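The values are calculated or read from the model by the stated rules, or taken from the named source; none is laboratory data. The structure presented is a predicted model; accordingly, all values stated were derived computationally and were not measured. Positions of Cβ are backbone-derived with ideal geometry, glycine not excepted, and every protein chain shown enters the neighbour counts.
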Amino acid sequence: MDEATKARLAKNEDFFREVNARINETAESHGLDSPSYEFFCECSDATCVERVNLTLSEYEHVRAEPKRFVVKNNHVVKEIEHVVETVPDHMVIEKHGEAGRIAVELEAKSTEE
């Protein structure tokens, strides 16, 4: 897999991370009280619209590490990421190499805005 493809895949995942951040912010700011919420799979497939059920604290735990993303099981691209945690509904993955660098860079930009 070439570096341009790895970069595109990392940027796809960042898009869904931003959507999920808005879900998290909305739930927190409106004081919504639910045991779990539906977040979008943060995999690199730009057409994926599968959902992952997480509590707000579970989502925030993943977001605490800029290289980590939540994806549906079997949505892992081994060339750019590895599995950190597996649960029945989803996996937590961590970017490595160029994809990891891009994830950190994009996270820094989103926190500046």
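Check the range 33-49 and report whether any residue there is among the β-branched types (Val, Ile, Thr) and outside any loop (DSSP other than H, G, I, E, B).
Narrowing the range 33-49 to residues among the β-branched types (Val, Ile, Thr): 47, 49.
So of that shortlist, the ones also outside any loop (DSSP other than H, G, I, E, B) come out as none.
No, the range 33-49 contains no residue that is among the β-branched types (Val, Ile, Thr) and outside any loop (DSSP other than H, G, I, E, B).
List, please: which pairs have Cβ atoms under 6 Å, are six or more places apart or on different chains, and start with a residue in the range 15-35 that is closer than 17 Å to LEU106 by Cβ and end with one that is surrounded by 10 or more Cβ atoms within 10 Å (Cβ to Cβ) and not hydroxyl-bearing (Ser, Thr, Tyr)?
Between residues of the range 15-35 that are closer than 17 Å to LEU106 by Cβ and residues that are surrounded by 10 or more Cβ atoms within 10 Å (Cβ to Cβ) and not hydroxyl-bearing (Ser, Thr, Tyr), the close pairs are PHE16/PHE40; PHE16/GLU42; ARG17/GLU42; VAL19/PHE40; ASN20/PHE39; ASN20/PHE40.
Restricting attention to the range 1-46, and to residues there that are over 11 Å from the mean Cα position of the chain (by Cα), under 27 Å from GLU98 (Cβ atoms) and aliphatic (A, V, I, L, M), which single residue is surrounded by the most Cβ atoms within 10 Å (Cβ to Cβ)?
LEU9
Being more than 14 Å from the chain's Cα centre (by Cα) and either buried (at least 18 other Cβ atoms within 10 Å of the Cβ) or basic (Lys, Arg) (or both) is the filter; apply it to the range 80-113 and report the residue that is nearest to VAL19 (Cα to Cα).
Step by step, filter the range 80-113, then rank; the result is LYS109.
For the range 55-79, name all the residues that are loosely packed, with under 15 Cβ neighbours inside 10 Å and either touching a Lys or Arg at 6+ places or on another chain (Cβ under 8 Å) or within 21 Å of GLU3 (Cβ to Cβ) (or both).
Scanning the range 55-79 gives LYS78, GLU79.
Assess whether LEU54 counts as being touching a residue at least 60 places away in the same chain (Cβ under 8 Å) and either of a type in the set (A, V, I, L, M) or touching a strand residue (DSSP E or B) at 6+ places or on another chain (Cβ under 8 Å) (or both). Talk me through it step by step, then tell me what you get.
Numbers: touching a residue at least 60 places away in the same chain (Cβ under 8 Å): no; either of a type in the set (A, V, I, L, M) or touching a strand residue (DSSP E or B) at 6+ places or on another chain (Cβ under 8 Å) (or both): yes.
When the stated conditions are applied, LEU54 does not pass them.
Is it true that VAL49 is at pLDDT 90 or above and either aromatic (Phe, Trp, Tyr) or surrounded by 13 or more Cβ atoms within 10 Å (Cβ to Cβ) (or both)? So that I can check it myself, show each step before the final result.
Numbers: at pLDDT 90 or above: yes; either aromatic (Phe, Trp, Tyr) or surrounded by 13 or more Cβ atoms within 10 Å (Cβ to Cβ) (or both): no.
Against the criterion (at pLDDT 90 or above and either aromatic (Phe, Trp, Tyr) or surrounded by 13 or more Cβ atoms within 10 Å (Cβ to Cβ) (or both)), VAL49 does not qualify.
Just need a number here: residues in the range 9-32 that are out of contact with any strand residue (DSSP E or B) (no Cβ under 7 Å at 6 or more places or on another chain) and part of a helix (DSSP H, G or I).
So in the range 9-32, the residues out of contact with any strand residue (DSSP E or B) (no Cβ under 7 Å at 6 or more places or on another chain) come out as 9, 11-12, 14-15, 18, 21-22, 24-26, 28-32.
Subsequent filtering for residues that are part of a helix (DSSP H, G or I) retains 9, 11-12, 14-15, 18, 21-22, 24-26, 28-29.
Matching residues across the range 9-32 total 13.
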